[in-house]
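The values are calculated or read from the model by the stated rules, or taken from the named source; none is laboratory data. Nothing here was measured: the structure is a model prediction, and the numbers come from that model. Heads up, the Cβs are rebuilt from the backbone with ideal geometry, glycines too, and the neighbour counts pull from every protein chain shown. Accessible surface areas use protein heavy atoms only, side chains included; no ligands, DNA or RNA. Shrake-Rupley method; radii C 1.70, N 1.55, O 1.52, S 1.80 Å.
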Amino acid sequence: MFNTDAEAWAPDHVGKTLRELRRSRRITIQQLADGLNRSTGYVSQLERGLSQPTLKDLYAACTIFGVPMSWFVELEKKQPEAEREKEIIVRGNQRRFMLHQGARTELLTPQLDPDVEFMMSTFEPGLETEPKNVPTAGAEYGYILKGRLELWVDDEKYELFEGDSYRFNRSSTYRSRNPSKTEPTIIIWVGVYK
């Protein structure tokens, strides 16, 4: 359940969330400002909680990052213990999620981290991602929780089944596909950016 009162939209919470998303995607303040059609000074003020974004800014940010508006809403907090838990635990019914290339990817950590991503992605039947080449250090690790996955790394194809796992360098060119016509594929994956 999401809190919808004014506290949920506090500028410092929205700004912190915006900064997490920007850093995790390795987007500069200038690039985000260009996407929002705003100045870098304005984006910097948003991230520091000195300004409140307009709904238009939030909708644009949701489009840029592929996340729903609920990503910017604080989960309900009633007691100090709940506030502490929110920094450590992610409840299954309270995961933040993003949509990217048709896959639903859920964040399995309380916050985004610019050095490590811990996610669960669901590929609908037949979904195929576009080839990616991210010129960064690090690696991606994955585990097929359910279904099948076809994975191409530097044009070499691998077929993975439930219980299989993988690792490849983030500098590789890679893409993947759920070959099933009826069943989703669920992948638990970790991206390490060092």
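Regarding Tyr158, is this residue farther than 26 Å from Gly15 by Cα, part of a strand (DSSP E or B), open to solvent by 60 Å² or more (accessible area, probe 1.4 Å) and free of Cβ contacts under 8 Å to residues at least 12 places away in the same chain?
Yes: the conditions hold for Tyr158.
Tell me the residue from Ser171, Ser121, Ser165 that is closer than 29 Å to Ile88 by Cα, of a type in the set (S, T, N, Q) and exposed (fewer than 15 other Cβ atoms within 10 Å of the Cβ), please.
Ser165
Okay, residues lined up against (1) touching a helix residue (DSSP H, G or I) at 6+ places or on another chain (Cβ under 7 Å); (2) buried (at least 16 other Cβ atoms within 10 Å of the Cβ); (3) at pLDDT below 90:
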{"site": "His13", "(1), (2), (3)": "no, no, yes"}
{"site": "Ser24", "(1), (2), (3)": "no, yes, yes"}
{"site": "Leu36", "(1), (2), (3)": "yes, yes, no"}
{"site": "Thr40", "(1), (2), (3)": "yes, no, no"}
{"site": "Gln45", "(1), (2), (3)": "no, yes, no"}
{"site": "Ser51", "(1), (2), (3)": "yes, yes, yes"}
{"site": "Thr54", "(1), (2), (3)": "no, no, yes"}
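Is at least one residue of region 153-168 out of contact with any strand residue (DSSP E or B) (no Cβ under 8 Å at 6 or more places or on another chain) and over 24 Å from Arg26 (Cα atoms)?
Scanning region 153-168, I find at least one residue that is out of contact with any strand residue (DSSP E or B) (no Cβ under 8 Å at 6 or more places or on another chain) and over 24 Å from Arg26 (Cα atoms), so the answer is yes.
Given Gly102, Gly126, which one is more than 20 Å from Glu87 (Cα to Cα), surrounded by fewer than 16 Cβ atoms within 10 Å (Cβ to Cβ) and without any contact (Cβ under 8 Å) to a residue 40 or more places away in the chain?
So the residue among Gly102, Gly126 that is more than 20 Å from Glu87 (Cα to Cα), surrounded by fewer than 16 Cβ atoms within 10 Å (Cβ to Cβ) and without any contact (Cβ under 8 Å) to a residue 40 or more places away in the chain is Gly102.
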